[in-house]
Amino acid sequence: SWDPNEKLGHIGYGDQNHIYNAKRLYYTINFENQKTATAPAYRIYIEDVLSEVFDINTVRFEETSHQGDNYYWKTNLDGNKLTWEIEGIELPPNVTPPEGEGFVSFSVELKPEYQVSGTRIENKSTIIFDKNPAIVTNTWVNIIDKLEPSTSMQSYKYIKGEDSVTVFCKSKDNDNGSGVR
């Protein structure tokens, strides 16, 4: 088995995924048994260690891709470490997508003291297929931006008889903001 994986989170504005309201954040951890794998994945283990910005008392394990009587995910929260483990999944090589793909998801709230502008929220996971080496996902980043850009209008003298008016303004954002567009 082999795992090209991906971590997804709250999509915000711009490259840094700036967000205004960050009370509850949702994350999805995608995994795939690559189509060139030589065998199905029997066991999948996923680990996510939450940083100090998250309130671990608000963690909720959300939907998983393989649910039902044939599948049993063991989920666990130990301190700030979330884990998912499934044995007997028999996830085939992904020759005909999405047959060899899956995901787990969770949500968590930020501690109140971190719900302020400029807070950088980072999260990544580790996935292990069978006895292969651990693979670390990409790091999903959000930055909180609760400070609105400022705009000031430029003065303009209207001349009687003109059929159009051009309006001028200047806008700026704080250094950690999402910018002005």
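The values are calculated or read from the model by the stated rules, or taken from the named source; none is laboratory data. Only a predicted model underlies this, so the values are computations on that prediction, with no experimental measurement involved. Positions of Cβ are backbone-derived with ideal geometry, glycine not excepted, and every protein chain shown enters the neighbour counts. We work out accessible area using only protein heavy atoms, side chains counted, and drop any ligands, DNA or RNA first. Shrake-Rupley method; radii C 1.70, N 1.55, O 1.52, S 1.80 Å.
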Whole-Hz ³J(HN,Hα) for each residue in the range 150-165, computed from phi via Karplus 6.51 cos²θ - 1.76 cosθ + 1.60 with θ = phi - 60°, x for glycine and proline: what do you get? 9, 10, 10, 7, 8, 5, 8, 9, 7, 9, 4, x, 6, 9, 8, 10
Restricting the calculation to Cα positions, tell me the Rg (one decimal) and the Dmax (whole number) of the chain in Å. 22.9, 80
For the chain, modelled as a GNM with alpha-carbon contacts under 10 angstrom, which of Phe129, Phe106, Phe168 fluctuates the most? Phe168
Which whole-Hz ³J(HN,Hα) couplings does the range 94-108 yield from phi under the Karplus relation 6.51 cos²θ - 1.76 cosθ + 1.60, θ = phi - 60°, glycine and proline marked x? 7, 5, 10, x, x, 4, x, 10, x, 7, 10, 8, 7, 9, 7
Carbon plus sulfur, as percent of the 1.4 Å-probe accessible area of the range 72-113, comes to 49
With the crude spin-label approximation of a point 7 Å out along Cα→Cβ, what separation in nm comes out for Glu162 versus Leu8? 4.9
Using only alpha-carbon positions, what ratio does the radius of gyration of the range 27-83 give when scaled by 2.2 N^0.38 Å? 1.36
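Translational diffusion coefficient, Stokes-Einstein: compute it for the range 77-181 using the Kirkwood radius over C-alpha pairs as Rh, at 4 °C and 1.567 mPa s, and state it as an integer in µm² s⁻¹. All intermediate terms of the calculation are to be shown ahead of the outcome.
Working: Rh = 19.7 Å.
Result for D is 66 µm²/s.
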Show which lysines lie in cross-link reach of Lys160 when reach means a straight Cα distance below 30 angstrom and same-chain residues fewer than eight apart are skipped. Lys170
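Please report the net charge: other residues with Cβ closer than 15 Å to the Cβ of Arg60, K and R +1, D and E -1. Please report the intermediate quantities before stating the final value.
On the way: positive: Lys23, Arg24; negative: Asp48, Asp55, Glu62, Glu63, Glu109.
Local charge sum for Arg60: -3.
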Which percent of the accessible area of the range 1-65 is formed by carbon and sulfur heavy atoms (probe 1.4 angstrom)? 49
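Which value, in Å³ per residue, describes the convex hull spanned by the Cα atoms of the range 35-138? Walk me through the numbers before you get to the answer.
Numbers: hull volume 12.7 nm³, N = 104.
Residue-normalised Cα hull volume stands at 122 Å³.
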Can you list residues whose amide H is under 5 Å from Lys111's amide H, if they're 5+ apart or on another chain and H is modeled 1.01 Å from N? Phe54, Asp55
Keeping the other protein chains in place, figure out the carbon and sulfur percent of the accessible area of the range 134-181, with a 1.4 Å probe. 51
Under 5 Å, built H, 5+ apart or other chain: amide partners of His66: Phe103
Rank Ser125, Ser150, Ser164 by mean-square fluctuation in a GNM of the chain with C-alpha springs under 10 angstrom and give only the top-ranked residue. Ser164
Sequence order, the range 75-81: Karplus ³J(HN,Hα) from phi using 6.51 cos²θ - 1.76 cosθ + 1.60, θ = phi - 60°, Hz rounded, Gly and Pro as x, gives 10, 8, 10, 10, x, 9, 9
For Trp84, the net charge from surrounding residues (Cβ-Cβ under 10 Å; K, R +1; D, E -1) works out to -2
What accessible area per residue comes out for the range 37-181, rounded to a whole number of Å², with a 1.4 Å probe? 62
